[in-house]
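The structure appears below as structure tokens.
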Protein chains: 2
Amino acid sequence: MKTSNSSRRDFISKVAIGSIGALSIPNILLSAEAEKKPKRISINTGDTILFQGDSITDAGRSRTDMGSNTQKGFGGGYAFLAAAELLNAYPEKKLKIYNRGVSGNKVHQLAERWEIDALNLKPTIISILIGVNDYWHLVKNGYKGTLEIYRNDYRALLQRTKEKLPDVKFIIGEPFAIMGSAVDKSWFPPFGEYQNASQEIAKEFNAVFIPYQKIFDKALEIAPGSYWAPDGVHPTMAGAKLMADAWLEAVKR
Amino acid sequence: MKTSNSSRRDFISKVAIGSIGALSIPNILLSAEAEKKPKRISINTGDTILFQGDSITDAGRSRTDMGSNTQKGFGGGYAFLAAAELLNAYPEKKLKIYNRGVSGNKVHQLAERWEIDALNLKPTIISILIGVNDYWHLVKNGYKGTLEIYRNDYRALLQRTKEKLPDVKFIIGEPFAIMGSAVDKSWFPPFGEYQNASQEIAKEFNAVFIPYQKIFDKALEIAPGSYWAPDGVHPTMAGAKLMADAWLEAVKR
């Protein structure tokens, strides 16, 4: 058993490092945290996977072509990159994958549209990335929310989901920000509290947690923030791929 | 040298098979044709890479946001997937990548917009996928072109490019079609002649040739055509990833 695990890890490591031969931040992270054994979930036959969140998930998706597995319905972000890879790799699993991210959303806005944009789709796996606007809009446009509201609304949203879909599995992405045209030093530590809240909630709901902040911080050792997310919030193509790779690592091979 | 080559191949093979653990058509292909040593090109620092072609390359890209490396400017096809991976993997190479595919284009229409949409961008690498409409539109909307026109126009286009950009490197994608709502048996063998022409031209211009037909044919052993390209021409997300992986294999690691 040990041999097979370690050879699998070796294999995964080669794959991740190799992707096309250069860096692989998520894998560096994985190695560094090997003892912590990052949690993963399995993709099963017939799974319905839902990507939910704000503009980073939205990434310009169509509002008219919203069926599962449709290019236009995915936009041009990490959700598209991750879904394309899953669909390519697992034809036999007959996955249905949806993107319902909406630009500008905070957690309470997810809640408002949750019936239609989540529960009615009967997902077996829900991936959520939410929180940057819950903090950003305090600064940007006078939103009156608090950390407590974020935390409570987030918890209530997952609780409500569990009641309706008891077997659903959650993937919770850490909201992230790097120095950029929209992000300055004043974000830290206050924004860090929102990040901590998302991690606590992930733990409470036995979710897989994707530490995007750590991933972007690592990426900054290789190229400047303008390469990954010029405004500090919205990833470039390179940044979106960084996220997709991390997301895919949350899915058990 | 031999050892290093074979260990590299071993490495590449692991990477490709592993991507996320399931199939890897391009790699199957690569193994099967190992003796033929598929040609590859290097990506160098400062390269400007241009994706050109028809709707398969276009994939819904923006016509207003057309700078290099922009998500919106790439649409949701193989060009986006391949570019995101390159940009993610090679921050230090400072690549500029453009997509200028246009839906419905035949080779003579590439020629009409070549000055603005290719030469002026001063690409060092041009990837072209063109030909399905040169055949399809004969059947579909009474286009009067011939195989000779396709071949001659294509050759003239590359010749003209070489004169203006003597050091440019070409990647030529094989036009492909599988049985689907827009493709029936009557396509073969006549469409095969267009495919052969693209391959001959690739050879003449010392281009890397990507055998997309073979790649889709292999994919059909794993899932039906509706999974990869329902109309037989336009790939799904899974099909686009298939193409992107094959494209990336054309790029030396």
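The values are calculated or read from the model by the stated rules, or taken from the named source; none is laboratory data. Bear in mind the structure is a predicted one, so any value in this text is a computation, not a measurement. Methodologically, a virtual Cβ is constructed for each residue, glycine included, from the backbone with ideal geometry; neighbour enumeration extends over all protein chains shown. These area figures cover heavy atoms from the full protein model, side chains too; ligands, DNA and RNA do not enter into them. Shrake-Rupley method; radii C 1.70, N 1.55, O 1.52, S 1.80 Å.
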³J(HN,Hα), Karplus 6.51/-1.76/1.60, whole Hz, each residue of the range B:156-169, x for Gly, Pro: 4, 5, 6, 4, 4, 5, 4, 5, 7, 10, x, 9, 5, 10
At 7 Å out from Cα toward Cβ: A:SER186 inter-copy label distances (nm, ascending): 6.8
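Per residue, how many Å² of accessible area does the range B:42-252 show with a 1.4 Å probe?
Values: 7680 Å² over 211 residues.
That works out to 36 Å² per residue.
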Carbon plus sulfur fraction of accessible area for the range A:42-252, probe 1.4 Å, in percent: 53 percent
Under 5 Å, built H, 5+ apart or other chain: amide partners of B:VAL251: B:ILE41
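Among rounded, prolate and oblate, which fits the range B:112-253 when a ≥ b ≥ c are the square roots of the eigenvalues of its C-alpha gyration tensor, a/c under 1.5 means rounded, and a/b larger than b/c means prolate?
Values: a/c = 2.05, a/b = 1.33, b/c = 1.53.
Note, shape of the range B:112-253 comes out oblate.
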Relative contact order, percent, the range B:161-209 [alpha-carbon distance under 8 Å, six or more residues apart]: 51 percent
Exposure rank, largest accessible area first [A:TRP136, B:TRP228; 1.4 Å]: A:TRP136, B:TRP228
Distance from the range A:116-174 to the range B:184-253 (C-alpha centre basis), Å: 41 Å
Inter-copy separations for B:GLN159, label at 7 Å along Cα-Cβ, nm, ascending: 7.5
Options B:MET243, B:ALA182, B:PRO224, ranked by Cα towards positive dipole end of the range B:146-253, top entry (Cβ charges): B:MET243
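Shielding by partners for B:63-71, please: the mean number of other protein chain Cβ atoms within 10 Å of each residue's Cβ.
Details: counts 0, 0, 1, 0, 0, 0, 4, 3, 12.
Average neighbour count from other chains, rounded to a whole number: 2.
What is the dipole size for the range B:69-115, taken about its Cα centre, with +1 at each Lys and Arg Cβ and -1 at each Asp and Glu Cβ, in debye to the nearest 20? Present the calculation step by step, with values, prior to reporting the outcome.
Numbers: 7 positive and 4 negative charges, 15 e Å.
Charge dipole of the range B:69-115: 80 debye, to the nearest 20.
Nearest 100 Å² is fine: how much accessible area is buried between A and B, summed over both sides, with a 1.4 Å probe? Before the final figure, lay out each step's value.
Values: alone 12120 and 12030 Å², together 20580 Å².
The summed interface area works out to 3600 Å².
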Note, ³J(HN,Hα) from phi for the range B:146-155, Karplus 6.51, -1.76, 1.60, rounded to Hz, x at Gly and Pro: 10, 4, 4, 5, 4, 5, 5, 4, 5, 4
Label geometry 7 Å along the beta-carbon vector: B:GLU148 inter-copy distances in nm: 8.3
Formal net charge of residues neighbouring B:TYR143 (Cβ-Cβ distance under 9 Å; K, R +1; D, E -1): +2
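Please state the relative contact order of the range A:87-190 as a whole percent: Cα pairs under 8 Å, 6+ residues apart?
Dividing the mean separation by the residue count of the range A:87-190 yields 32 percent.
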Rounded to whole Hz, the Karplus (6.51, -1.76, 1.60) HN-Hα couplings of the range A:48-55, x for glycine and proline: 10, 10, 10, 9, 10, x, 9, 4
Built amide H within the under 5 Å cut-off of B:MET179, gap 5+: none
For A:ASN99, residues with placed amide H under 5 Å, excluding near neighbours: A:PHE51
B:HIS137 accessible area, assembled protein chains, probe 1.4 Å, Å²: 10 Å²
By average C-beta atoms within 10 angstrom, highest first, the peptides A:73-86, B:66-79: A:73-86, B:66-79
Cα-Cα over 24 Å, subset of B:LYS39/B:LYS241; A:LYS72/A:LYS164; A:LYS72/B:LYS241; A:LYS218/B:LYS169: A:LYS72/A:LYS164; A:LYS218/B:LYS169
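I'd like the mean, over residues of B:87-97, of how many other protein chain beta carbons sit within 10 Å of each residue's own Cβ. If you can, show how the numbers build up before the last one.
Working: counts 10, 21, 9, 6, 9, 5, 1, 2, 1, 0, 1.
So the per-residue partner count for this stretch is 6.
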Neighbour net charge for A:GLY75 - beta-carbon separation under 10 angstrom, K R +1, D E -1: +2
